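Chemist: Can you keep this structure in mind? I'll have questions shortly.
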Amino acid sequence: MDTNDRTDLVTLAKCAEQCERYEDMVEFMGKLALHDIELTVEERNLFSVAFKNVVGARRNAWRTTSTMISKLQDEGKFQEEATRIAAVYQKEIETELEEMCNNMIALLDEHLIPHSSQDDALVFMKKMKGDYHRYLSECFEGDKRREVVKKSQEAYEKAKEQSDAALATTHPIRLGLALNFSVFYYEINIEPKKACELAKQAYDDAISDLDQLDEESYKDSTLIMQLLRDNLTLWTSNHAPDNPEET
């Protein structure tokens, strides 16, 4: 549907979400981001959900094809052609993933972050910037990987600095940032000790201030606290997860 009206785009995004047409949802929320306005909380969440679903599908597909290629390689020369075909297909998925992540990052850098003034919105946007660079690092190699890893860490660190200064320890955005930043340390930087320290500190700080948690945020905050706890339990056990919890 060809419209650029703010209300219409939000309505269409909600319809697309209900229909699980996330590609359409990305289109509608991408158009809204180009308005160069400060998004409402609802609009911000719609934007996040749209990209998370389309990129999440590619991340899962890339991981699945990676597993398939490994299995085919284990079978040796009998599967050389099948391995080649699977690798070509995986590259197609990777190209789609890269395009979508770069699109998200460009919207954040050029339109959303410059037009966000509230601390919670800025932390939310900077966290997403860290997330989407992290997603790229999962399938890149060499210098290309090192570049996006550096950018991911820088975005998370800027988000954390602002979060620590401005958001309550029980704020769901602050907790979500701690969850995803700790996953970055564990999975990408391969620093399990630092990942556990970050997750534990966020969990402990929130627990100590739990009586200050307002009713509106209670469900979201306690859910993320449980995810932090789950990751800590798994990371400190002998059976660390292939895919730790993240927001």
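Chemist: Counting only GluC sites (Glu not before Pro) that are in a DSSP loop and have at most 14 other C-beta atoms within 10 Å, tell me the longest site-free stretch of the chain.
Modeler: It works out to 142-247.
Chemist: Local charge sum around residue 150 (other residues, Cβ-Cβ under 12 Å, Lys/Arg +1, Asp/Glu -1)?
Modeler: +1
Chemist: What three numbers, in Å, describe the spread of the alpha carbons of the stretch 131-243 along their principal axes, ordered from the longest?
Modeler: 47, 34, 20
Chemist: Using the Kirkwood radius over Cα pairs, work out the Stokes-Einstein diffusion coefficient for the stretch 1-111 at 37 °C and 0.692 mPa s, in µm²/s as a whole number.
Modeler: 210 µm²/s
Chemist: Quick check on the chain: what does the Kirkwood estimate of hydrodynamic radius come out to from the alpha carbon pairs, in Å?
Modeler: 19.3 Å
Chemist: Go ahead and set up a Gaussian network model of the chain, Cα springs under 10 Å, then flag whichever of 231, 60, 102 fluctuates most.
Modeler: 60
Chemist: Let me ask something else about it. Given the whole protein assembly as supplied and a 1.4 Å probe, what does the accessible area of residue 68 come to in Å², nearest 10?
Modeler: 100 Å²
Chemist: Per-residue accessible area for residue 83 at 1.4 Å probe radius, Å² rounded to 10?
Modeler: 20 Å²
Chemist: Something else: What translational D, rounded to a whole number of µm²/s, comes out for the stretch 64-179 from Stokes-Einstein when the hydrodynamic radius is the Kirkwood one over Cα pairs, at 4 °C and 1.567 mPa s?
Modeler: D = 81 µm²/s.
Chemist: Give me the net charge for the shell around residue 224: Cβ to Cβ below 11 angstrom, other residues only, Lys and Arg +1, Asp and Glu -1.
Modeler: Net of charged neighbours comes to -1.
Chemist: Give the ranking of 1, 29 by solvent-accessible surface, highest area first, calculated with a 1.4 Å probe.
Modeler: 1, 29
Chemist: Over 26 Å between Cα atoms: which of 14/127; 71/200; 71/126 fall into that group?
Modeler: Flagged as over cut-off: 71/200; 71/126.
Chemist: I'd like the carbon and sulfur percentage of the solvent accessible area for the chain, probe radius 1.4 Å, heavy atoms only, ligands and nucleic acids excluded.
Modeler: 48 percent
The values are calculated or read from the model by the stated rules, or taken from the named source; none is laboratory data. Since this is a predicted model, take the numbers as computed values, not measurements. Virtual Cβ from ideal backbone geometry, glycine too; neighbours counted across all protein chains shown. Just so you know, the surface numbers come from the protein's heavy atoms only, side chains and all, with ligands and any DNA or RNA stripped out. Shrake-Rupley method; radii C 1.70, N 1.55, O 1.52, S 1.80 Å.
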